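**Student:** Have a look at the structure that comes next, please.
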Amino acid sequence: MAHSKQAIKRHRQSLRRFERNRARRGAVRTAVRRARELIVAGNVEEAQEAIRVTSAILDRAASKGVLHPNNAARRKSRLVRQLKTAQASPAEASAPSKRRTRAKSPAKSRAKKS
């Protein structure tokens, strides 16, 4: 436990920040989940509006320091990518996108063997 007045005050401040940030993180999670559910359901117009709202919430969380800016950008990018996939073909929207990996070049694999 903190002993000095300064440490006690800092602890109080950290608890207040923790509660505030927890609420913001919860709002982010709820908004992202709602947007994803609308995308999977195939409601493109509602999903676009939900992504717009979610994007603003993510930007706000990043500006307040709750999320890292790159984390917010990554989440927005993934949502938009899912929406575009859903618009292209509704059947593929529910399936998660597969990550692409590069094939190893034969020269590198031969070099390791010798």
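**Student:** Gln6 to Arg60: FRET efficiency via 1/(1 + (r/R0)^6), r the Cβ-Cβ distance, R0 35 Å, to the nearest 0.05? Can you show the working numbers first?
**Tutor:** On the way: r = 30 Å, r/R0 = 0.87.
Result of the calculation: an efficiency of 0.70.
**Student:** Now, a different point. From the phi angles alone, apply the Karplus equation (6.51, -1.76, 1.60; θ = phi - 60°) to segment 57-65 and give each ³J(HN,Hα) in whole Hz, x where the residue is Gly or Pro.
**Tutor:** 3J(HN,Hα) across segment 57-65, in whole Hz: 5, 5, 4, 5, 5, 5, 5, 7, x.
**Student:** Something else now. Do any trypsin sites (Lys or Arg not before Pro) in segment 59-90 lie in a loop, going by DSSP, with at most 14 other beta-carbon atoms within 10 Å of their beta carbon, and if so which? Write out the running numbers ahead of the final one.
**Tutor:** Working: sites: Arg60, Lys64, Arg74, Arg75, Lys76, Arg78, Arg81, Lys84; in loops: Lys64.
Within segment 59-90, the qualifying trypsin sites (Lys or Arg not before Pro) (loop, at most 14 other Cβ atoms within 10 Å) are Lys64.
**Student:** First measure r as the distance between the Cβ atoms of Arg102 and Val40, then evaluate 1/(1 + (r/R0)^6) with R0 = 25 Å and state the FRET efficiency to the nearest 0.05.
**Tutor:** About 0.25, to the nearest 0.05.
**Student:** What ranking do Val80, Val28 get, fewest neighbouring Cβ atoms within 10 angstrom at the top?
**Tutor:** Lowest to highest Cβ neighbour count: Val80, Val28.
Read-outs: derived from the displayed coordinates by stated rules, not from any lab. The structure presented is a predicted model; accordingly, all values stated were derived computationally and were not measured. With ideal geometry, Cβ positions are generated from the backbone for all residues, glycine too; neighbour counts draw on all protein chains shown.
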